[in-house]
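The next block holds one structure in the form of structure tokens; read it before the comments.
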Amino acid sequence: MRYMTKAWKDEKGGFILIFSTILMAFFLGMCAVVIDGGTSLLKKHIVVNAGDAAALAGTSAVEGKLVFDEFNNPIGQRPVLNPIIADSYAMGTLDVNMEVMKFNQRGISVDEVIGVSLDSDGDGNLDSYSIRIKGTVDAPLFGPILGLTDRVPFDKTIVAKVNE
């Protein structure tokens, strides 16, 4: 401390003192960016894991549909999604995972969830389930320092296909 006060009075080492103060503030800001960015990515990964489980649950709502040959003879069955049951399974699984993974305590807020049964190969049969999750995650360190929001938005779409 004595050296710092002496540096101010004698004006020797004043540049180093000012430069080190500015450099320390810069490094603290960079640490805040790294910590916020890392925790935001981790929270988004948690959302994707919950979405994966929900999409897979949606694809488990399959029914057998008869497949016919050109002479209208049944030759087998093909798994086809029931969209009502798929939505029920997917949304139920997502709700349970959001509670188990403690989204609220982790600062993850889900604003919108859209689940849709799809025909991914264009053959007229529903064979995949897509879930889109939109919301925000907490980023409390760096946002308020710069006068920005302390929430980082996310928009994740996960698609799972029925295994044939």
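The values are calculated or read from the model by the stated rules, or taken from the named source; none is laboratory data. These numbers come from a predicted model, not from an experiment. Positions of Cβ are backbone-derived with ideal geometry, glycine not excepted, and every protein chain shown enters the neighbour counts.
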Among the residues listed as 143, 124, the single one being in a helix (DSSP H, G or I), among the small types (Gly, Ala, Ser), out of contact with any His (no Cβ under 8 Å at 6 or more places or on another chain) and at pLDDT below 85: 143
Tabulated pairs, the range 80-101, first within 23 Å of residue 119 (Cβ to Cβ) and of a type in the set (D, E, K, R), second at pLDDT below 95 and in a helix (DSSP H, G or I), C-beta under 9 angstrom, 6+ apart or interchain: 87/58
Filtered residues of the range 43-70 (kept if among the aliphatic types (A, V, I, L, M) and either farther than 29 Å from residue 95 by Cβ or in contact with a helix residue (DSSP H, G or I) (Cβ under 9 Å, 6 or more places away or on another chain) (or both)): 46, 47, 50, 53, 54, 55, 56, 57, 61, 62, 66, 67
Single residue of 127, 119, 123, 111 found to be closer than 18 Å to residue 52 by Cα and more than 20 Å from the chain's Cα centre (by Cα): 127
Test result for residue 93, touching a Leu at 6+ places or on another chain (Cβ under 9 Å), assigned to a helix (DSSP H, G or I), polar (S, T, N, Q) and closer than 18 Å to residue 151 by Cα: no
Criterion violated by residue 69 - all others in (1) touching a Gly at 6+ places or on another chain (Cβ under 7 Å); (2) without any contact (Cβ under 8 Å) to a residue 24 or more places away in the chain satisfied: (1)
Selection within the range 59-98 - surrounded by 11 or more Cβ atoms within 10 Å (Cβ to Cβ), of a type in the set (D, E, K, R) and more than 17 Å from residue 49 (Cβ to Cβ): 63, 65, 78, 87
